[in-house]
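Data block below; observations after.
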Amino acid sequence: MRCPSTLVDESERLQAVEEYGLNKSYSLSSLAPVVRLAAEMFHVPIAAVNLIGDRHVFFAASYGLEQACDMSRDVSFCAHAILQKEVMVVPDTANDIRFHDNPLVTGSPGVRFYAGVPLYAPSGHPIGALCVMDRVSHQTFSVQDSERLREFALLVTDKLELRRLEAAEQMWPTRFYEVAAASPGPLLEFDQNFHVTFCNGATAALLGYTQQQLAGAPLARFLPGLERPRLEHLIAGSTLNGSNGHLPHKALALHRDGYTVPVELVFFAWKKMSHRHFGVMLTDITDGRQRDQQLYRLSNFDALTGLANRRVLRHEVAGALDTGADVAVLAIDLDNFKDVNDTLGHKIGDQVLCVLTERMKDLLGPSEKVGRMGGDEFALLLRRGELAAARAAALSLMSEIGKPIEAGGLCMRVTASCGIALSTEAKHSAEELMGNADLALYQAKSMGRNQVSVYIPALRQEAIERRQFEAELHRAVENQEFELFYQPQVCLKSGSLIGAEALIRWNHPQKGYLSPAAFLPLLESGPLAGDVGTWVLRQACSQAAAWRQSSGNDSFRMGINLFAAQFFAGDLEEKVESALQDNGLPPESVELEITENIILNHNALILETLRRLRESGVCIAFDDFGTGYASLSMLRDYPLTQIKIDRSFTNNMCCSIRDEATVAATVGLARNYDLDVIAEGVETEEQMARLKSIGCDEGQGYFFGKPLPAEDFRQKFLVH
Ligand code: C2E
Ligand code: CA
Ligand code: CA
């Protein structure tokens, strides 16, 4: 675990925190609705506003925590969040060196996801953070999500500022004016006769007077619409501890030049030497920034598309179920939408989402509802619960979505996958029905793109098993249950050993050795692939070094398979370099294997990384050649050193003229491009002989040896 560092001007910062007069036994009840809405909005169980003290962190407000515990600063996530200006997002605490062994992660409440935005005092010092947390990881917290969290932070800052003024009055009556003068928002104090006794510079600027001109002036001069009885009523409702009831009141303030400014007023009151004194904070809402309306909008609607958000849609679904009607919920997810964002930018991505929103809205009947669940996910409530109707609706939606879209001067198409859940299945809660639609969507996604799938109970069972398996995978990483097996690669001409390919196995405590087919799909789609890939890289390099030394074979080469995730981490070159350096290996002793799928999906980034890796001298093999859609131009553009002919061709080459021709053509291609070529899956002597006669350099397969544990490999192939 890494403890958060303190800031340069820490003592001033602590002073700023102190001005709020909050501590572990005094939280701010006016913040309670804000944190609750934040939690609902982001669909997480926990949200809090934390202030960071010297050693301790205390909750100004919290939601979803059984006990607002007194927390040491060392373990606080928010103490890290205030070190940066941006929103701090930790998608998975288990993968973050700062937090993976944090007691809040390993114990209660078991935080796996965190997003926090710093909160600032008027002096500019970060005093704490507003955060949302979950007990499961969240891989998708978008730029828009961060923006929304910031908007919530503005609301929090408003409420905190009121508290600061209140505290100033309570703690140091004489300091109140100092604090109020520094307050960024317009603020004034008045007496029982409704005459101004003090105002700050911001008020003067808002109303067009100087501070001196306003001193002693009646409120009626610049708040003409506020009749005395109304004012009396408003201040009667505000007390010294008025943080509870600060409901803003709207009014028109009269500027000195005669025009009016819409404002929101928050009144507060206190006793000063047996006299009651009153304060009012004015917020200019000309630009429509009515904070309470904003809160309503934020918590009910998606900022980009204006659609209902998850919370509202769930509410609608619950309402529909309550009437006893049969309904259907459709969960929709755009296929590969990430690519649109990655290649064309978020702006165009946003335009596409808005176009699709309009298309979906056009298709819906008046009582039907569409909501945006986040990112590229939508959900629909249909008030007809028969399967045929739901399926027809899904198909027409998908065909609308699939029509060409013009955005940013480009014409493109996207497809979507859809999951359908019907309330007739059983009497569901809204949550369960929407969850069922998500499970059906997951099923549709795994069938490929542009598919519709309908929920059946077996899907829930599968999801449970998948989750268990995911948990087991995490355990496997922690307990180092993975092992590498090694398969020999042989020179066909001389029959001598060239090297080995490292192949991963999971030594499962109950199920024994599992082959990659049993767990790689899940591993690759989850957050662990990067770490496991790094482990494979380091382990295979250290084995290669050991064998080169013990056998004296200093041309021994190790083939290492890569995951796509290793490219995204952005530090693959450094990882490779340090694995080589730590083991004293020359770069050409390692051959990184990439499949077409990795390349095809994510062109530019991977090409760049591969170029630099190749420049450093590392070999690069094109795995499973011939099975994908790779074009010949890839052989030209990618910095390859070897082609690996897929074992399906090798396997059939003795009984299929076509496959033999494919192998021969590939060998010819390799020669033309000046690449080495190895045939995988060589199982028989006949296959070996044909390959040799075609001119293939190298072979790998059961004929030469199956993948073996390191020690077995050494004894069989390296001891003479
Ligand atoms: P691959 O890279 O094409 O690896 C060759 C696969 O073919 C291995 O399966 C190997 O056991 C199998 N094989 C080798 N010779 C023969 C043969 O003569 N006949 C037949 N029928 N099969 C043969 P394995 O070990 O199950 O690995 C499957 C795939 O899993 C690999 O295909 C590779 O794509 C992936 N994989 C394995 N280990 C790793 C790893 O450490 N990292 C990554 N990223 N992927 C890995
Ligand atoms: Ca391979
Ligand atoms: Ca292969």
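The values are calculated or read from the model by the stated rules, or taken from the named source; none is laboratory data. The structure displayed is predicted, hence computed values, not measured ones. Reconstructed Cβ throughout: ideal geometry from the backbone, glycine too, with neighbour counts over all protein chains shown. For the accessible areas, the whole protein counts, side chains as well, though only heavy atoms, and no ligand, DNA or RNA atoms are used. Shrake-Rupley method; radii C 1.70, N 1.55, O 1.52, S 1.80 Å.
Coupling constants for the stretch 214-220 follow from the phi torsions by the Karplus curve (6.51 cos²θ - 1.76 cosθ + 1.60, θ = phi - 60°), and in residue order they are 7, 4, x, 6, x, 4, 4 Hz; glycine and proline get x. DSSP finds beta bridges in the chain, and of those with both partners inside it, around 75 percent are antiparallel. Just so you know, the Rg over Rh for the stretch 111-225 is 1.14, from Cα atoms, with Rh as the Kirkwood radius. Given a cut-off of 12 Å, what percent of all Cα-Cα pairs of the stretch 412-461 lie beyond it? Value for the stretch 412-461 (Cα pairs over 12 Å): 59 percent. Rounded, prolate or oblate: which one fits the stretch 503-585, using the alpha carbon gyration tensor with axes a ≥ b ≥ c (rounded when a/c is under 1.5, else prolate when a/b beats b/c, else oblate)? The shape class here is oblate. What's the long-distance tail for the stretch 606-649, i.e. % of Cα pairs beyond 12 Å? The answer is 62 percent, as a whole percent.
Here the stretch 436-581 is treated as an ellipsoid with the same Cα gyration tensor; its semi-axes, largest first and in whole Å, are 36, 16, 16.
In the stretch 656-713, the ratio of gyration radius to Kirkwood radius, Rg to Rh, stands at 1.05 when only Cα atoms are counted.
Taking the Cα atoms of the stretch 385-511, the ratio Rg/Rh between the radius of gyration and the Kirkwood radius comes to 1.22. Look at the Cα gyration tensor of the stretch 589-720: its axes a ≥ b ≥ c give a/c of at least 1.5 with a/b at or below b/c, and that counts as oblate. Legend: residues L523, L7, sorted from most to least accessible area (1.4 Å probe; ligands, DNA and RNA excluded), read L7, L523.
Shape class of the chain from the Cα gyration tensor (axes a ≥ b ≥ c, square roots of the eigenvalues): prolate, since a/c reaches 1.5 or more and a/b is larger than b/c. Taking every C-alpha pair closer than 8 Å and separated by at least 6 residues, the mean separation divided by the residue count of the chain gives a relative contact order of 7 percent. Annotation: amide H-H contacts under 5 Å for H508 (H modelled 1.01 Å from N, sequence separation of 5 or more, or interchain): Y513, L514.
Computed over the stretch 1-44, the percent of Cα pairs more than 11 Å apart is 76.
Take the Cα of R449, step 7 Å toward its Cβ, do the same at A665, and the gap between the two points is 2.5 nm. Distance between the pseudo-spin-label points of S72 and E147 (7 Å out from Cα toward the beta carbon): 4.1 nm.
Adding -39500 (n - 2.57) for every DSSP H run of four residues or longer, then dividing by how many residues the chain holds, sets the calculated 222 nm ellipticity at -12500 deg cm²/dmol.
Here the stretch 97-136 has an Rg and Dmax of 12.7, 36 Å, counting Cα atoms alone.
When the listed pairs K493/K706; K511/K644; K644/K692; K159/K369 are checked against a 25 Å cut-off, the alpha-carbon distance exceeds it for K511/K644; K159/K369.
Taken per residue, the accessible surface of the stretch 447-501 reaches 53 Å², heavy atoms only and a 1.4 Å probe.
What translational diffusion coefficient, in µm²/s and rounded to a whole number, does the Stokes-Einstein relation yield for the stretch 281-440 at 20 °C and a viscosity of 1.002 mPa s, taking the hydrodynamic radius as the Kirkwood radius over Cα pairs? For the chosen part, D equals 128 µm²/s. Database remark: amide H of G499 closer than 5 angstrom to the amide H of Q489, R557 (H placed geometrically; neighbours at sequence offset of 5 or more, or on other chains; Pro and chain starts carry no H). Around the amide H of F99, modelled in the peptide plane, lie the amide H atoms of R2, all under 5 Å away and 5 or more residues distant in sequence or on another chain.
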